[in-house]
Amino acid sequence: MITALTNADLYQFTGDDLRYQHPLKGQVIYTPGIRHLAEAGNAYWLIDAIASYFGSPEMSRAMERDPRLRHMQFWKLTITNGSAVLVAEADADVAPFITQQIPFTDFPLPEVSIWAGFDGSHWTLYLPSEH
């Protein structure tokens, strides 16, 4: 039985050592909370969208301009009327360094935040509650 994704579901994830490797971007791994978000929200596309930026010229230029991005990034998907905007920021007080318009989505939550941290080898995608 498939149940709808809720924020309460996501808050249950508080961190552990288990990680899943992205099948196309080996340097990107993600936590059980992110896996649950992708499965229950039918949103593996969201992991793919974020992972696609790592190693890109756009990401490299952003890291050159703001060295904080080499260690930590804050991603947010905001849904409005069946479309969405995915943004990535170095911090809440700076303009996004990535903005991607998504013309259609059936993602069940109005917004979700995903944090990305670099451990020297991998970028780990995780929920804020898993920090």
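Read the figures in this text as sums done on the coordinates, not as results from a lab. Everything numeric here is computed off the predicted structure, so don't read it as measured data. No Cβ is skipped: glycine too gets one built from the backbone with ideal geometry, and neighbour counts run over all protein chains shown.
Would it be correct to say that T99 is out of contact with any helix residue (DSSP H, G or I) (no Cβ under 6 Å at 6 or more places or on another chain) and more than 22 Å from A8 (Cα to Cα)?
Values: out of contact with any helix residue (DSSP H, G or I) (no Cβ under 6 Å at 6 or more places or on another chain): yes; more than 22 Å from A8 (Cα to Cα): yes.
Against the criterion (out of contact with any helix residue (DSSP H, G or I) (no Cβ under 6 Å at 6 or more places or on another chain) and more than 22 Å from A8 (Cα to Cα)), T99 qualifies.
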Output the residues belonging to the stretch 72-84 that are more than 19 Å from Y126 (Cα to Cα) and surrounded by 15 or more Cβ atoms within 10 Å (Cβ to Cβ). I79, A84
Can you pull out the residues in the stretch 1-13 that are assigned to a loop (DSSP other than H, G, I, E, B) and within 22 Å of A88 (Cβ to Cβ)? L5, F13
F74 vs (1) under 12 Å from A116 (Cβ atoms); (2) in a loop (DSSP other than H, G, I, E, B): all pass except (2)
Among residues of the stretch 38-54, those that are buried (at least 17 other Cβ atoms within 10 Å of the Cβ) and either of a type in the set (F, W, Y) or under 14 Å from A116 (Cβ atoms) (or both), counted: 7
Among Q21, Q12, which is touching a strand residue (DSSP E or B) at 6+ places or on another chain (Cβ under 6 Å) and farther than 15 Å from I114 by Cβ? Q21
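Okay, residues lined up against (1) of a type outside the set (K, R); (2) over 17 Å from T105 (Cα atoms):
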{"position": "G15", "(1), (2)": "yes, yes"}
{"position": "P23", "(1), (2)": "yes, yes"}
{"position": "I34", "(1), (2)": "yes, yes"}
{"position": "G41", "(1), (2)": "yes, no"}
{"position": "S52", "(1), (2)": "yes, yes"}
{"position": "H71", "(1), (2)": "yes, yes"}
{"position": "K76", "(1), (2)": "no, no"}
{"position": "N81", "(1), (2)": "yes, no"}
Checking E64 against (1) in a helix (DSSP H, G or I); (2) in contact with a Phe, Trp or Tyr (Cβ under 6 Å, 6 or more places away or on another chain), which test does it fail? (2)
Restricting to the stretch 4-13, give me the number of residues that are touching a residue at least 60 places away in the same chain (Cβ under 8 Å) and surrounded by 16 or more Cβ atoms within 10 Å (Cβ to Cβ). 3
Applying the selection to the stretch 86-108, what residues are in a strand (DSSP E or B) and closer than 14 Å to A43 by Cα? L86, I102
Could you count how many residues in the stretch 14-31 are surrounded by 19 or more Cβ atoms within 10 Å (Cβ to Cβ) and either more than 15 Å from the chain's Cα centre (by Cα) or outside any loop (DSSP other than H, G, I, E, B) (or both)? 3
